[in-house]
Amino acid sequence: MTSKTDAIKALKAHAATGAPTDMRAAFARDANRFETHSARLDDMLLDWSKCRVDGETVALLEALADACDLDGRRAAMFAGEAINTTEGRAVLHTALRNRSGDPVMVDGADVMPAVNAVLAAMADFCHGVRDGAIRGATGEPIADVVNIGIGGSDLGPAMAVRALSPFHDGPRCHFVSNVDGADIGDTLAGLDPARTLFIIASKTFTTIETMTNAATARKWLVGQLGEDAVGAHFCAVSTALDKVADFGIGADRTFGFWDWVGGRYSLWGAIGLPIMMAIGPTRFGRFLDGAHAMDTHFRTAPMRQNLPVMAGLIGYWNRAISGYPSRAVIPYDQRLARLPAYLQQLDMESNGKGVALDGTPIAGVSGPIVWGEPGTNGQHAFFQLLHQGTDIIPVEFLVAANGHEDDLAHHHHLLLANCLAQSEALMKGRTLREATDQLLANGMEEAAANALAPHKVFTGNRPSTTLVYDRLDPFTLGRIIALYEHRVFVEAQLFGINAFDQWGVELGKELATALLPVVETGDGADQRDASTAALVAHVRALRAG
Ligand code: F6P
């Protein structure tokens, strides 16, 4: 088998001389280009034919995947091996959505009974809150649920709750994450404590933002309903059951998970409680079914038909071989407005690393900058740069064939047309000749047309992928998220890094803890660097009035 070094060398040589650069020509040459550069899972279709790759590129990427033992690494993950080596942990978020009935072993024990017990407890609790059997301390039914968490304990549920709004039939869900008092202040302002339930979501139950917001929520509630009301208005999601008990939340309202579930991969279990509250346990089950369907596809489909594998290989090609530093995720699906933010954590906290699995600096680059906004809004903001800017930024489009607003079909046709038009424009571009001819055809004088035409040239050949699905429902959302999780995994294997730790967030946390008393009192400012000391002084002067 080719070594990883040789596989990368071959890819770089191919990029320099063999890979397609003129996409119009590539489509003209190969009538089957779309068929050979796309893959399906039922209604879901991933099209990478508008990327600067051909059959040979994909074959070389597959050789690299083999050289990196992608199959073996994937099998090790699903088998519960401790592939998160820096923390000595298995990586088994897939067990949370294992619908097969098969056991999943960690350290010789089947974790599925515990997984299913937590799901059953969540369902009982959600049923109780949703049908009014579980009420607040004064006997009022719960109308609003506030999830207090951050990072993986916020972004996934917040994204999914918004994505599934057509399926909401439970209490309203709100999300508070930022330690900025504005977040909890604005949220509490509209709420009635007697009808509010707080979910304190923190894997570690130590995260300063979450603990600060939880304490503020507790104080707000106690101030209006008294200390005895706490038990009826708080529940918790955590792996740190002892710390939850210390906060005063009962075991019957504590939903656990395990250290083999990474925070950013955790919305499938107890961290998904707000999702289950909003859409109900049955639909939450469909969400898990969708993710499990993607897991099965990821484990069994051959590389070229495998959506997460192909998304990962193309992502790696764009980032590591073509050298594009960022990628834009553009859902033409307003309800996926928080998908880019969610993917920023999933992708960048997983693959934004400079150290290889063996502790040495990685050769080359790691994951790209991920960003985005829904279309069509992005078209009226940053698409100018995507089309004519000096950086090439691969774009990942997502779009549903059908919306939920049956009476607004015209809107959906416009949405679809815009999505497809953008990927077409990025690929085809517009030549100087075409730009000039268009201006002349519109009646412009030749001199004026020649002067204006260069501004209307689009270089084209800008890569994009498109993911199309039937309709955004719980099953499909589960598939989409699992697709991205596995894609991040595939890219991590090619980069040669551990996607499941996040040491890079530690230093800032440590320094914030150290700076808190400095900000509060000014003492010790002189021991910080000159910039930090001066900023502390300026802030303190402004606060003093
Ligand atoms: O930002 C670092 C991080 O550890 C994330 O990985 C995690 O999702 C987030 O903080 C929240 O952590 P916790 O759930 O323990 O409060």
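The values are calculated or read from the model by the stated rules, or taken from the named source; none is laboratory data. This is a predicted model, so every value here is computed, not measured. Every residue, glycine among them, receives a Cβ derived from its backbone with ideal geometry; neighbour counts consider all protein chains shown. Please note that ligands, DNA and RNA were not included when accessible areas were found on the heavy atoms of the full protein model with its side chains. Shrake-Rupley method; radii C 1.70, N 1.55, O 1.52, S 1.80 Å.
Some notes on this structure:
- Scanning the range 195-231 for residues that are charged (D, E, K, R) and away from the ligand (no atom under 12 Å from the Cβ) turns up Arg195, Arg218, Lys219, Glu227, Asp228.
- The numbered conditions (1) within 17 Å of the chain's Cα centre (by Cα); (2) on the phi > 0 side of the Ramachandran plot are all true for Met294 except (2).
- Wholly enclosed helices (runs of 4 or more DSSP H) of the range 186-258 bearing at least 1 residues within 25 Å of Lys509 (Cα to Cα): 208-225, 241-247
- Set Gly285, Gly315, Gly323, Gly272: member being out of contact with any strand residue (DSSP E or B) (no Cβ under 8 Å at 6 or more places or on another chain), among the small types (Gly, Ala, Ser), in a helix (DSSP H, G or I) and more than 16 Å from the ligand (Cβ to nearest atom): Gly285
- In the range 31-51, residue least open to solvent (accessible area, probe 1.4 Å) [restricted to those that are aliphatic (A, V, I, L, M) and out of contact with any strand residue (DSSP E or B) (no Cβ under 9 Å at 6 or more places or on another chain)]: Leu41
- Residues satisfying the stated conditions in the range 326-341, i.e. more than 16 Å from the ligand (Cβ to nearest atom) and either aliphatic (A, V, I, L, M) or in a helix (DSSP H, G or I) (or both): Ala328, Val329, Ile330, Gln334, Arg335, Leu336, Ala337, Leu339, Pro340
- Check on Arg89, among the basic types (Lys, Arg), surrounded by fewer than 16 Cβ atoms within 10 Å (Cβ to Cβ) and more than 20 Å from Gly312 (Cβ to Cβ): no
- Identity of the residue in the range 148-177, more than 16 Å from the ligand (Cβ to nearest atom) and in a loop (DSSP other than H, G, I, E, B), that ends up surrounded by the most Cβ atoms within 10 Å (Cβ to Cβ): Gly170
- If the condition is being within 14 Å of Val58 (Cα to Cα) and touching a helix residue (DSSP H, G or I) at 6+ places or on another chain (Cβ under 7 Å), then the range 288-307 contributes Met303, Arg304, Asn306, Leu307.
- Selection from the range 342-362 of residues that are touching a Ser or Thr at 6+ places or on another chain (Cβ under 9 Å) and within 16 Å of the ligand (Cβ to nearest atom): Asn351, Gly352, Lys353
- Test: residue in the range 117-131 that is part of a strand (DSSP E or B) and crowded, with 18+ Cβ neighbours inside 10 Å: no
- Val488 open to solvent by 20 Å² or more (accessible area, probe 1.4 Å), aliphatic (A, V, I, L, M) and under 19 Å from the mean Cα position of the chain (by Cα): no
- Residue in the range 397-416 that is assigned to a helix (DSSP H, G or I), touching a strand residue (DSSP E or B) at 6+ places or on another chain (Cβ under 6 Å), open to solvent by less than 70 Å² (accessible area, probe 1.4 Å) and in contact (Cβ under 8 Å) with a residue 24 or more places away in the chain present: yes
- Test: Phe255 is at pLDDT below 95 and either under 28 Å from Asp501 (Cβ atoms) or open to solvent by 20 Å² or more (accessible area, probe 1.4 Å) (or both): no
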